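Here, each number is a calculation from the coordinates, and none is a lab measurement. On a predicted model such as this, the values are computed, not experimentally measured, just so you know. Because the Cβ atoms are built from the backbone with ideal geometry, glycine has one as well, and the counts that use them run over all protein chains shown.
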Amino acid sequence: MLLDQAFRLSSILLAAAGFASLTLAITLPPWLLVLAGGAFAMALLRVRHPGVISDTMRHFRLSALTWNIFLVLAFAGFWVDLLLISQEVLPAGIHFLVLLLVNKLSNLDLRRDFLHLYAISLIALLASAALTTQIWYAPFFFIYLVIGVWTLLLYHLLQEQEELAEPQQGHTQAAPSTAPLPRLTARFFWTTNAMAASAFGITLLFFFLIPRVGVGFFQNNHGENLRTTGFSEHVDLGVMGPVKQDPSIVMRVELPERTGRNSKWEPLYLRGVAYNRYDGKSWSNSLPHRRMLTELPEDTFTLRTSGTKPAPTARQLRQDILLEPLDTTVLFGTPFPTSVKGHFLSLQSDLMGSLYLPVPLHTRTQYTVYSSPTTLHATEKKSAALLYPDFILQQYLQVPAVNEQVLELARQITQPATSIAQAVALLHTHLLTHYRYNLDVPSLESPHPLEDFLLTRKTGYCEHYATAMVVMLRSVGIPARLVTGFLATEWNEFGGYYTVRQRDAHAWVEVYFPQSGWITMDPTPPSPDAVGPTWWQSANSAMDSVRLQWDRMFVHYSAHDQFTAVQGIREGGEAVRTGLSETLSALSAQGVAIVSHMVISLTPSGLPHFAIALVLALAAVYGGIAILRRLRNRTTQHSPFSTQQQTVIALYNAMLQCCAQQGITKPVSATSVEFLEQIRTRWGEAWPLVDSVTRLYTHVRFGEAALTDEALATAEAQVRTLRLLGRSTADSQPPSREPVMPSLTR
Amino acid sequence: MNSSQSINLLQDNIAQVIKGKSRVIELAVVCLLARGHLLIEDVPGVGKTTLAHSLARSLDCSFKRIQFTSDLLPSDIVGISVFNRQKQAFEFMPGPLFAHIVLADEINRTTPKTQSSLLEAMSEAQISVDNQTYPLHQPFMVIATQNPAEYHGTFPLPESQLDRFLMRLRIGYPTPDEERKVLERPQSLHPANDLQPVLTAQHILDLQAQVEKVRIEDSLMDYLLAIVQVTRQSDMLSLGVSTRGALALTKAAKSLALVRDRTYCLPEDIKELAPAVLSHRVMLNRAQGARGRSVEQAEGVIHDLLESVPVPV
């Protein structure tokens, strides 16, 4: 098969593959199917029998103007379709696409048209992908890929060839091409197909092999033995020692509903686990019972913890949390979560309001927590005695066997208090003011860590403070518990979220009030070595926000997100449609009113209204035609050369290319006569031809003489002979290729 | 007799005397038809004067020769008013400028004062003496010669004067064969004296009118302007081509087209004429190491510059 023919055929097949996938994805109206089928049939016929068809079809071929009108009508039809018939973006767009395809199929003349055809077929393939998820799409996709490889190959081959022999294409009808295009062999065919298929296979391989987990396989650093700050499900005060600050990021928390710049630095308590039992060295949970949370609606888990009584009117705080993989099953949120939204298999909660996953997460996970914060009731601020439920008294008043001095200290501190709330506040301030926060506690295995902290050492970290406060509260009869989690203080200005790191792991206290519920108290003073943001930190946080966006837009871009995007486009299209139809109806009503008013006011008595309307319509048509004509005149005047001059310039350039293939190129600063002289010295046998063509060229180009058909035909024949001459000399002997500067007359 | 025939006749006629210098003859005719003036600069004895002489002889026109010397006065060439006793009035006695073809031999030997008395005649083809303006004959052409080899006691022509010459030519030595032909000729008479006029003044005026009608295409005009522009930007030149120079190149190109029997200009016309028309209008930049004879240097620079300007296709 000839190269050109194969190229046309594969282009049409490519378009057909795209179109076929479209027809299977959506039911097209029959007339559109017939139209497209006809266009495909005609295009294929023109490939197979170019001569016969072009002769018979010449009379039936529509002019460029007709096609332009067709396109304009199709575009108008698209809007009518969108607004009135199918009333949706996608079907209307596809109908328009098919009309474009028909247009391009019928006008495959220039390279550009082929490129347009490919673009249309690609859009068709994508559109059908958006419409269907069925298995038959796979074979079409594969066929499209294979033909696509083919078409691109042939396209480039043909283009290369045409660059070598440019004018051949334009004048093939004048005389049969003397230089046959290369033929395609079966071997070429099969090699290309094998290449396409193997490329597809390799792509599939990569598709399945590329890991889709949010954490790199090879970057886990095991074997870290140093105690690091961080969250763990055990609070053990017995082992003391210097604690390393671990800056790795645990989660990022966005508060989408909280706006305003004042709130951004406010620390955020992200609650993990609560403990009620302290044995003098470590904390544990004596209420291990966990409850499965109901999942209703999908992906939303609601929970009601006993002991928390969120006021129904309380404002819910929403947090969007992106949690890095952590070696724990605990899920974090500000106190107290009421519902959690996320892709979890199941979710459990214990009696103290802590949330647990069934298994630790090993991928980065995004979830949303709705919490209702608790505040101390006004009535309870003053009351000297409170009535606690039995359950609370049982669980949250346990005090281990501690030194009597601790209990004495607690009594001393709370003595001046007139209300329970005041007692709590006194203990809180005492711990805040009389103790020093220090992570560098000398390594020591202490049997009585609490006494060490409170009485002798007086320095410690959050767990010491929180334990001391809980124990002292309980010793004076106030129910309290220890909570561990993270204290988010690092606000990322660039992304607008809190960055929570391992070193932000924290422990604090929850105090029970019967009406208000559990109130969060933090007896730990802020770390003294906190420094203000430096440029390094801000650069870091900017980098981190970029990382987060990357994660969100690329790593975790899922089918769900795609669906959301498509949904958004669809809804947008719908909005545009309704808006447009409203404006259009309003406009058309106005227009009709104006026209009818004009008609009535213009009508002299006796003339029918429709006559005036006819005159107006004719005037509008005439005006349109006049504008079109003026536009066309402007475009034709744009080129400084007449068509004859352009023809002769093209011819001359073709001749120059023939000479260039012999190694004789015309320097840009050489005139045609100087070049002719060069030809005479270096390629004598071609000189008469070049001379003749140059004469015609200068005559028409600069003399603006008329170009007769005979002269053009002769010159074209001369160029063709010149090309043949070039081939024959190239075959017989290598031409002299030494660069010769044009001999200039000085 | 159409234009190409008459031009060929003229060239052939001159070629009887000036052997083997068809290009120089052609350029001289181009200059004549473009209503320009010619400056011939070469060593003595290569036929400068003979060229001028034979051109004048070939036309049925008046011809005057002025030998420029250092004591020549403006009145010697323009003419002088003399008191006529009979009429009791001054009477203007026309000088040698009142001729169709004027040969100004060794023009750089005279003083700038006398040189500049030529200015008005050359640019406006008229002469003003004593508040009276006298038109010169038409066609009017000044052919000046100067000797580049010897500069002692000369007054080099100022730029303004040079700019008034349409082109500057060098004749060069003939080839040995051609020189032999010159020597074999009978030496008794000046060879130009044998020439018979082939064209009348009216013929020349007609041809000059035809030059005006030669078509020059827009892109060629752009090409010409690009050449002019490039001379103004070149490092090799301290002074580029003036607008008068561009005008001169246009006129000369049209004239060459007519001489070559065309009604339209080609890029060749412009490119070929550029050295002759432009080289005396530019000043070499001495800082860029211009040395040797400035005539050849300038032509060389123009040649090089032409190779940097793309020809319209």
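Here are the numbers:
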{"read-out": "Between 0 and 90°, nearest 10: helix B:243-259 axis offset from chain B longest Cα axis", "value": "90 degrees"}
{"read-out": "Other protein chain Cβ atoms within 10 Å, averaged over every residue that makes up B:206-219", "value": "1"}
{"read-out": "Rounded FRET efficiency, nearest 0.05, which uses the C-beta distance separating B:D218 from B:S81 and R0 of 35 Å", "value": "0.10"}
{"read-out": "Simple spin-label estimate for B:K181 and A:T329 in nanometres, 7 Å along Cα-Cβ", "value": "11.7 nm"}
{"read-out": "For region A:646-719 and region B:37-69, distance of Cα centres in Å", "value": "41 Å"}
{"read-out": "Order by protection proxy (mean Cβ within 10 Å, highest first), peptides B:267-274, A:342-349", "value": "B:267-274, A:342-349"}
{"read-out": "Amide hydrogen neighbours beyond the local backbone of A:T302, cut-off 5 Å, H modeled", "value": "A:T294, A:L296, A:V340"}
{"read-out": "Among beta bridges that DSSP assigns inside the protein assembly as shown, antiparallel share in %, nearest 5", "value": "75 percent"}
{"read-out": "Label-to-label distance, nm, for residues given as A:T375 and A:L725 (7 Å Cα→Cβ offset)", "value": "10.0 nm"}
{"read-out": "Whether chain B is rounded, prolate or oblate, judged on the alpha carbon gyration tensor where a/c under 1.5 counts as rounded", "value": "rounded"}
{"read-out": "Pairs of lysine residues in region A:248-552 - Cα separation under 29 Å, sequence separation of 8 or more or cross-chain", "value": "7"}
{"read-out": "Highest to lowest packing among A:153-162, B:112-121, scored as the average C-beta count within 10 Å", "value": "B:112-121, A:153-162"}
{"read-out": "Ordering of A:707-718, A:2-13 by packing [mean C-beta count within 10 Å, highest first]", "value": "A:2-13, A:707-718"}
{"read-out": "Average partner coverage of A:6-16, which counts Cβ from other chains inside 10 Å", "value": "0"}
{"read-out": "Region B:240-313 and region A:337-380: distance between their alpha carbon centers, rounded to Å", "value": "90 Å"}
{"read-out": "Separation of alpha-carbon centers, region A:464-502 and region A:10-25, rounded to whole Å", "value": "63 Å"}
{"read-out": "In degrees, nearest ten, helix B:201-213 long axis to first principal axis of chain B (Cα)", "value": "30 degrees"}
{"read-out": "Under 5 Å, built H, 5+ apart or other chain: amide partners of B:R215", "value": "B:Y264, B:C265"}
{"read-out": "B:R260-A:Q5 FRET efficiency (beta carbon distance; Förster radius 45 Å; 0.05 resolution)", "value": "0.35"}
{"read-out": "Region B:63-87 residues near the modelled B:T111 label - backbone nitrogen below 13 Å, point 7 Å along Cα→Cβ", "value": "B:69-76"}
{"read-out": "Residues A:A194 and A:T27, FRET efficiency given R0 of 41 Å [Cβ-Cβ distance, rounded to 0.05]", "value": "0.65"}
{"read-out": "Label-point separation in nm, B:Q16 to B:Q138, each point 7 Å along Cα→Cβ", "value": "3.0 nm"}
{"read-out": "Amide proton proximity set for A:G272, modelled H, under 5 Å, gap of 5+", "value": "A:T484, A:G485, A:F486"}
{"read-out": "Neighbouring partner chain Cβ atoms per residue of B:263-273, average, 10 Å criterion", "value": "5"}
{"read-out": "Fraction in percent of alpha-carbon pairs per bin - 20 Å, the protein assembly as shown", "value": "9, 22, 18, 19, 17, 11, 4, 0"}
{"read-out": "Phi to ³J(HN,Hα) by Karplus 6.51 cos²θ - 1.76 cosθ + 1.60 over region A:334-341, Hz, x for Gly, Pro", "value": "6, x, 10, x, 10, 8, 10, 10"}
